[in-house]
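Working notes, structure below.
All of the numbers you see were taken from the coordinates with simple rules; none came from a lab. Just so you know, these numbers come straight off a predicted model, no measurement behind them. Note: ideal-geometry Cβ built from the backbone for every residue, glycine included; neighbour counts use all protein chains shown.
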């Protein structure tokens with residue numbers, strides 16, 4: 001309760017500070033307006049997420065369609081055995097479940113590890129690609145093999161699902177309007193170092209807050225590749241276009257999850273299942289992490305442009321929120337540059353007020369995580385917010401400038 005009270009106090013203080021300093025509008029109307037909008041946007045995400053309560057159909061508990069778990073794998077020799085073991089151990093009727101793993105021509109011992117699992121579990125279906133064609137084609141091969149499956153669940157080869165996760169995820173498809181469901185994913189290796197602990201807070205808030213806020217309107221904008229499910233009848237009409245998607249003349253080789261979600265958004269409800277849980281392994285080295293973030297920003301830029309053409313048809317609150325989520329990040333580098341470089345250089349004024357706002361929001365994120373996790377390292381959420389402001393924010397301009405570069409960029 002104390003943590004919750006502190007959270008509310010920080011939110012109120014942040015709002016009051018913005019209002020009290022509103023006289024700055026006559027000196028810098030654009031920058032002041034941006035500051036107020038960012039504060040309102042962030043707090044609105046938490047507010048909307050609080051109202052999200054999944055409502056399942058009355059027949060959800062008994063709804064047991066045929067399900068196929070598809071695991072695309074490439075160079076995951078250290079993770080794939082545990083991933084498949086978790087998939088094979090899920091609590092779901094065995095006569096209505098298939099586990100399919102597709103090796104995308106790995107260059108390490110991934111396929112050998114898969115064969116070892118197959119030898120002990122002959123019910124698993126193994127597809128060994130004759131050439132490396134990318135994640136989309138690996139998923140497509142798995143879908144083709146899952147001929148009778150009504151629900152297709154995609155799990156990354158470095159993720160582990162909980163025993164009851166598949167059953168919990170499938171219940172949401174009892175609603176015939178639902179085309180896709182993204183499960184909740186936490187960080188598996190969060191105790192490795194500071195970087196992984198920061199990502200643990202980032203993941204938790206991204207799912208519990210941002211995806212909940214979008215799910216309130218049935219419009220989750222990205223079903224995570226770590227653990228998500230799709231209705232087959234929703235996928236079949238868009239598979240060809242998804243496989244052959246191009247952008248600025250180049251084939252789309254990253255952002256598969258956000259792209260596929262975009263293909264379904266116009267016609268289906270897409271929701272978040274907080275009780276369908278998985279864990280995933282995140283980058284432990286800074287270089288690998290930065291490459292991943294750059295790839296994510298490129299896919300965000302490309303797919304945001306696509307989604308912006310349809311989001312105006314969604315609920316007005318969802319539409320306004322979505323367009324704000326595009327405009328604010330695009331403006332952020334200019335705002336940070338002005339606050340941290342231009343003003344200190346030309347006026348010799350330290351950006352105390354700006355940095356104070358960043359730290360207030362950072363503390364808000366960190367305490368929210370602490371509210372749900374009794375962990376001593378909750379304050380790493382503060383580090384991530386500062387890290388994003390100082391370093392990651394500059395990746396977006398570079399991502400936009402190099403967006404035609406379709407190389408994978410993480411391996």
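Cβ-to-Cβ counts within 10 Å put 257, 186, 191 in ascending order as 191, 186, 257, the fewest first. Calculated on the alpha-carbon coordinates, the convex hull of the range 104-169 measures out at 115 cubic angstrom per residue.
So what's the range 106-215 giving for Rg/Rh, alpha carbon basis, Kirkwood Rh from the mean inverse pair distance?
Value, to two decimals: 1.00.
Label-to-label distance, residue 177 versus residue 394, with points set 7 angstrom from Cα along the beta-carbon direction: 4.6 nm. Kindly express, to the nearest 10 degrees and within the range 0 to 90, the angle between helix 110-120's C-alpha long axis and the longest C-alpha principal axis of the chain. Helix 110-120 sits at roughly 50 degrees to that axis. Full extension of the chain segment joining residue 379 with residue 91 gains 100.2 nm, where the gain is 0.36 nm per residue of separation less the Cα-Cα distance. Neighbour counting of Cβ atoms within 10 Å sorts the residues 226, 252, fewest neighbours leading, into 252, 226.
Highest mean packing first, where packing is the average number of other Cβ atoms within 10 Å per residue, the peptides 173-182, 106-115, 126-135 line up as 173-182, 106-115, 126-135. Comparing 58, 44, 224 in a Gaussian network model of the chain where C-alpha atoms under 10 Å apart are linked, the largest mean-square fluctuation is found at 58. With neighbour counts taken as other beta-carbon atoms within 10 Å, the residues 312, 268 rank, fewest first, as 312, 268. Against the chain, whose longest principal axis comes from its Cα atoms, helix 286-307 is set at around 90 degrees.
Computed from Cα atoms, the angle from the helix 194-205 axis to the main principal axis of the chain rounds to 90 degrees. If the segment from residue 50 to residue 78 were pulled out straight at 0.36 nm per residue, it would be longer than the present Cα-Cα gap by 6.3 nm. Label-to-label distance, residue 404 versus residue 62, with points set 7 angstrom from Cα along the beta-carbon direction: 5.9 nm.
Remark: the residue 308-residue 109 segment gains 67.5 nm on full extension, using 0.36 nm per residue and subtracting the alpha carbon distance. The residue 120 and residue 194 beta-carbon pair, evaluated with R₀ = 35 Å, returns a calculated FRET efficiency of approximately 0.40. For the chain, the relative contact order is 19 percent, taking Cα pairs closer than 8 Å that sit 6 or more residues apart in sequence and dividing their mean separation by the residue count.
Considering only alpha-carbon pairs that sit under 8 angstrom and 6 or more positions apart, the relative contact order computed for the range 60-297 is 25 percent. Across 287, 96, 231, mean-square fluctuation computed from a Gaussian network of the chain (C-alpha pairs under 10 Å connected) peaks at 287.
With a simple spin-label model that places each label point 7 Å from the Cα along the Cα-to-Cβ direction, the separation between residue 327 and residue 291 comes to 3.7 nm. The smallest convex shape that holds all Cα atoms of the range 60-297, its convex hull, gives 127 Å³ per residue.
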